[in-house]
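For reference, the structure discussed in these notes is given below.
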Amino acid sequence: MGPPLDVWDFSSPLLSLWMNRFYIYLGCALGVTFWICVQIITKKQVTSSQEKSVPGAPGRSLSFQKKQSHVSGVKIFYGSQTGMAKGFAAILAKAVTSLDLPVAVVNLKEYDPDDSLLGEISSKNVCAFLVATYTDGRPPESAEWFCKWLEEAANDFRFGKTYLKGLRYVVFGLGDSAYRSHFNKVSTNVDKWLWMLGTQRVLTRGEGDCNTVQSKHGSIEADFTAWKTKFISRLQALQRGEKKVCHRDCKKGKCESTQPGPGEMRPHLQGELHPRDAEEEEPCESSSDEESVAQNYQSLNAVVDVEDLGSIVNPMKKEKREKAQEEEKAVVQRNTEKNEDSDRRAMITPALREALTKQGYQLIGSHSGVKLCRWTKSMLRGRGGCYKHTFYGIESHRCMEATPSLACANKCVFCWRHHTNPVGTEWRWKMDQPELILKEAVENHQNMIKQFKVVPGLKADRFEEGMEVKHCALSLVGEPIMYPEINRLLKLLHQRGISSFLVTNAQFPEEIRNLTPVTQLYVSVDASTKDSLKKIDRPLFKDFWQRFLDSLKALAAKQQRTVYRLTLVKCWNVDELQAYAKLVSLGSPDFIEVKGVTYCGESAASNLTMANVPWHEEVVRFVRELVALLPDYEIACEHEHSNCLLIAHKKFKVDGEWWTWIDYSRFQELVRQYEESGGSRTFTARDYMARTPQWALFGARERGFDPKDTRYQRKNKAKDISGC
């Protein structure tokens with residue numbers, strides 16, 4: 001038991017504190033709270049006084065502003081013929097330096113946009129382009145390649161409208177208004193092309209005028225000084241973090257107007273002209289008249305696909321079609337005994353010519369074209385060749401990509417030209433002679449090689465070799481086998497010592513049967529069942545499936561090299577292995593190329609996305625599973641860069657070594673003997689095969705990249721734009 005109560009002394013101070021401890025704790029808590037409130041109020045007053053001392057920065061502390069970086073630097077690019085643009089670039093650099101900003105001055109002649117332009121986005125640089133306009137509205141020699149690359153990129157679907165999104169830029173042009181039709185044409189185009197690729201214009205384009213009478217400020221130097229002052233002021237605003245920039249819906253090349261000019265459309269209106277459900281539309285043949293109707297509805301890309309204009313031009317098309325039918329009947333009635341070809345229309349309409357020219361095509365006559373392949377450019381710089389170099393030993397820098405027919409009988413969902421070409425089931429246009437086509441194709445190809453001479457990194461020896469065409473890939477666009485004189489064209493190629501790689505879409509079996517010997521004949525096998533082929537290729541022929549099967553049977557009768565080309569599209573055609581195996585037994589090809597589809601950007605005729613592009617490992621897995629069903633075939637080669645593998649017939653494996661390459665000189669000798677004998681001296685694919693190097697084989701550590709070249713990895717690569 002505890003002590004009795006009389007033992008406790010309640011008069012003790014300590015005991016008194018203990019008994020009243022609650023009130024003591026409460027008082028301490030109130031005191032601490034009061035002290036904290038005083039500290040907060042004092043701190044707010046100090047912060048407020050600091051902010052007032054920093055002009056133009058309400059709501060921000062000075063220390064925070066110093067840490068924030070809105071502009072990391074300025075890059076000044078110049079293209080000059082006389083040196084004036086270079087001088088202006090130096091003056092501008094000095095002015096930028098006064099803002100304590102890093103600055104670099106770059107000669108466009110020494111700048112490769114394909115390698116470096118994407119990197120300017122992440123660097124937070126503002127890019128200033130000072131470009132002069134030279135004779136006849138052309139860029140100066142130092143800026144020629146940059147302008148050519150920029151134009152093709154702006155009009156190439158594979159780059160897309162957001163390729164350079166985030167890049168901030170300004171443009172100042174140097175010109176002479178005495179030449180009114182070409183005044184500052186180059187700077188206007190550079191501004192427009194950059195805008196089309198999704199960039200942000202931070203200041204209205206400046207125009208310097210050498211014509212002192214017409215110059216806004218009395219001289220080109222004064223014009224530049226006035227523009228420079230505005231630019232420096234804009235940079236200061238950007239440094240402070242002001243977000244206001246030139247809006248994307250402004251008029252191309254001019255910020256003053258927010259209304260679209262003649263023939264222009266705002267980006268948000270373009271979708272109305274290209275409905276997303278266009279892939280469900282039933283394909284039909286297009287004509288020159290229909291395309292002429294569409295000219296008034298061109299978008300910024302100037303690409304007209306009349307099959308996808310939908311309800312906007314349907315009434316006009318119907319009226320035109322009825323009128324054309326009436327006129328055609330009248331023409332037939334009046335000219336039954338006249339030359340049939342003289343009444344036919346040209347395949348290349350003005351609208352189509354404009355669209356394809358902007359995409360980098362060199363058009364020939366009324367139905368043919370040639371274009372410089374990206375792999376040709378790559379090998380000219382020692383950066384590796386295409387898969388045909390790895391699989392068959394072609395020299396990519398000496399290969400010409402062409403077509404004698406821009407028309408096609410399919411509208412494939414993965415068409416890498418987005419259906420800019422016309423479609424039809426038979427030849428019904430004017431026809432050019434094969435001599436003209438080949439002559440102009442080679443000349444245009446050589447001219448494009450010459451233009452590439454100014455590109456940094458070009459190898460001199462390969463440039464000289466590239467001027468002599470040794471291979472021709474008749475696979476650019478369209479259906480080459482539709483051309484009525486295709487056999488004559490092939491003979492002319494062989495007479496000039498040029499090998500032939502012909503691609504057909506398996507809708508013209510009779511033409512395949514009648515085809516003269518080809519170095520290598522391809523058939524596109526895009527699906528293995530009737531339903532999936534209709535869904536993917538969207539063929540025009542009603543009996544497309546029978547034509548497809550007959551084409552494969554016709555291929556089996558060919559003695560020279562034959563190839564199936566399979567393009568894998570995830571969720572569309574990768575699950576039909578047994579059906580593919582049956583098709584292989586039907587055509588018995590020498591080789592089977594299996595390639596993952598290349599995403600070519602948005603298209604009104606397709607709903608493909610990057611999700612439909614298989615990874616290389618997925619392509620390898622598909623090939624392994626397919627080969628397991630084909631006892632006469634094995635995996636021979638690989639080109640990882642193209643996401644492509646080669647399956648070869650075992651007859652090309654001699655004593656354990658693959659012979660998939662081609663002896664091109666031997667082929668030319670054999671085809672010459674064939675022609676001289678009137679076709680009696682035949683030859684087979686095994687007669688001109690060559691040994692495949694180790695680096696090209698499947699499983700090699702090089703993964704199909706030629707060790708003689710240097711592998712280049714693009715910095716900040718946003719998407720694959722490799723084409724086919």
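The values are calculated or read from the model by the stated rules, or taken from the named source; none is laboratory data. Note that the coordinates shown come from a computational prediction; the quantities given were computed from them, not determined experimentally. Cβ: placed from backbone, ideal geometry, glycine included. Neighbour counts: every protein chain shown. We work out accessible area using only protein heavy atoms, side chains counted, and drop any ligands, DNA or RNA first. Shrake-Rupley method; radii C 1.70, N 1.55, O 1.52, S 1.80 Å.
Over segment 98-142, the ratio between the Cα radius of gyration and 2.2 N^0.38 Å evaluates to 1.41. Put simply, when 492-500, 394-402, 520-528, 100-108 are sorted by average Cβ atoms within 10 angstrom per residue, most first, you get 394-402, 520-528, 492-500, 100-108.
Full extension of the chain between residue 576 and residue 135 yields a length gain of 152.9 nm, computed as 0.36 nm times the residue separation minus the alpha carbon distance.
Measuring between alpha carbons in the structure, the pairs from 75/148; 534/570; 192/470 lying more than 26 angstrom apart are 192/470. For an R0 of 45 angstrom, estimate the FRET efficiency from the Cβ-Cβ distance between residue 122 and residue 684 and round to the nearest 0.05. After rounding to 0.05, the efficiency reads 0.25.
With the convex hull of its Cα atoms as the shape, segment 635-681 has an orientation-averaged projected area of 4.9 nm².
For residue 630, neighbours were defined as the other residues whose beta-carbon sits under 12 Å from its Cβ, and their charges (Lys and Arg +1, Asp and Glu -1) total 0.
In terms of the Cα gyration tensor, with a ≥ b ≥ c the square roots of its eigenvalues, is segment 608-710 rounded because a/c is under 1.5, prolate because a/b exceeds b/c, or oblate? In terms of gyration-tensor shape, prolate.
Residues whose amide H falls under 5 Å from that of residue 568, counting only those 5 or more places apart or on a different chain, are 595, 596, 597, with hydrogens built in the peptide plane.
Within segment 136-207, the percentage of alpha carbon pairs spaced more than 21 angstrom apart rounds to 27%. Remark: spin-label model distance residue 495-residue 28 equals 11.0 nm, labels positioned 7 Å along the Cα→Cβ axis.
In segment 496-605, inverting the average of 1/r over every pair of distinct C-alpha atoms gives 14.6 Å as the Kirkwood radius. Counting only Cα atoms, segment 189-230 measures 36, 20, 10 Å along its principal axes, largest extent leading. Measuring r between the beta carbons of residue 586 and residue 712 and using R0 = 45 Å, the FRET efficiency lands at 0.65. Note on residue 615 and residue 100: the extension gain reaches 180.8 nm, defined as 0.36 nm multiplied by sequence separation minus the Cα-Cα distance. Among the listed pairs 109/161; 161/216; 558/653; 535/595; 94/228; 411/595, those with a Cα-Cα distance over 22 Å are 109/161; 161/216.
What does the highest-first list of 474-481, 692-699 look like by mean Cβ count within 10 Å?
For the peptides 474-481, 692-699, the packing ranking is 474-481, 692-699.
Quick one: go through segment 353-386 and flag any residue whose amide nitrogen is under 17 Å from the point 7 Å out along the Cα-to-Cβ line of residue 695. Those under the cut-off are 376, 378-386. Computed from backbone phi with θ = phi - 60° and the Karplus coefficients 6.51, -1.76 and 1.60, the 3J(HN,Hα) list for segment 474-485 is 7, 8, 4, 6, x, 10, x, 6, 5, 4, x, 9 Hz; x is used for glycine and proline. Shown here are the Rg and Dmax of the Cα trace of segment 427-512, at 15.2, 47 Å.
In this structure, the amide hydrogen of residue 636, modeled 1.01 Å from its nitrogen in the peptide plane, lies closer than 5 angstrom to those of 646, 647, 648, counting only residues at least 5 positions away or on a different chain.
Scanning residues 5 or more positions from residue 661 or on other chains, those with amide H under 5 Å from its amide H are 690, 692, with H placed 1.01 Å from N in the peptide plane. Accessible surface computed residue by residue for segment 523-580, with neighbouring protein chains in place and a 1.4 Å probe, gives 39 Å² per residue.
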